Amino acid sequence: MKIFLLFIPFLISLSVRSQVLVVNVSLPEPCINETLASTETTVSYGFKIYPNPSDGIVYLEIHPSLIDEKSKIQVFDFSGKNMLSKKLSEFKTSDKYQLDLSFLSQGVYMVSFDSKSQRISKKLIIK
């Protein structure tokens, strides 16, 4: 007997073999044009968030080639509620952006970078 459960971004497969529950977890391949949750702190697709986990102050590094006049940062809780939306033009710098998210409760959030042509999302943990 096999049961498949889909949790974004994981695919979990449960099967019973000889009265032993086997759990297989598959992660999707990275794709710049799809929403991807990640706790990576390395530069990925020119979009970096650190520190992660964070106490509330986070820094974003976005490669200049990704930025256009419509670029913005949004933060969503996992119910999909928009907790923050800010255009990159509102920041004073153009290479490193600081967000004060200390108003957020502890939990897991999605930080999304949006431009005219793409969306890149990463998971952020507020502790």
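The values are calculated or read from the model by the stated rules, or taken from the named source; none is laboratory data. These numbers were taken from a predicted model, which means no experiment stands behind them. Cβ coordinates were reconstructed from backbone atoms using ideal geometry, including for glycine residues, and neighbour counts include every protein chain displayed.
Could you please let me know if Ser105 is farther than 19 Å from Pro51 by Cβ and among the small types (Gly, Ala, Ser)? No: the conditions fail for Ser105. In the set (1) exposed (fewer than 11 other Cβ atoms within 10 Å of the Cβ); (2) among the small types (Gly, Ala, Ser); (3) under 18 Å from the mean Cα position of the chain (by Cα); (4) within 18 Å of Gly46 (Cα to Cα), Ser65 fails one condition alone, (3).
Quick one: what pairs do we get from region 58-82, first residue part of a loop (DSSP other than H, G, I, E, B), second modelled with pLDDT of 90 or more, C-beta under 8 Å, 6+ apart or different chains? Close Cβ pairs satisfying both conditions: Lys70/Asp114; Ser71/Lys87; Ser71/Phe113; Ser71/Asp114; Phe78/Gly107; Phe78/Val108; Phe78/Tyr109; Phe78/Met110.
How about region 83-127: which of its residues are outside any loop (DSSP other than H, G, I, E, B), within 20 Å of Ser65 (Cβ to Cβ) and basic (Lys, Arg)? Answer for region 83-127, where residues must be outside any loop (DSSP other than H, G, I, E, B), within 20 Å of Ser65 (Cβ to Cβ) and basic (Lys, Arg): Lys87, Lys96, Arg119, Lys122.
For the subset of region 68-81 comprising residues that are surrounded by 11 or more Cβ atoms within 10 Å (Cβ to Cβ) and of a type outside the set (A, V, I, L, M, F, W, C), which member is nearest to Ile126 (Cα to Cα)? Result: Asp77.
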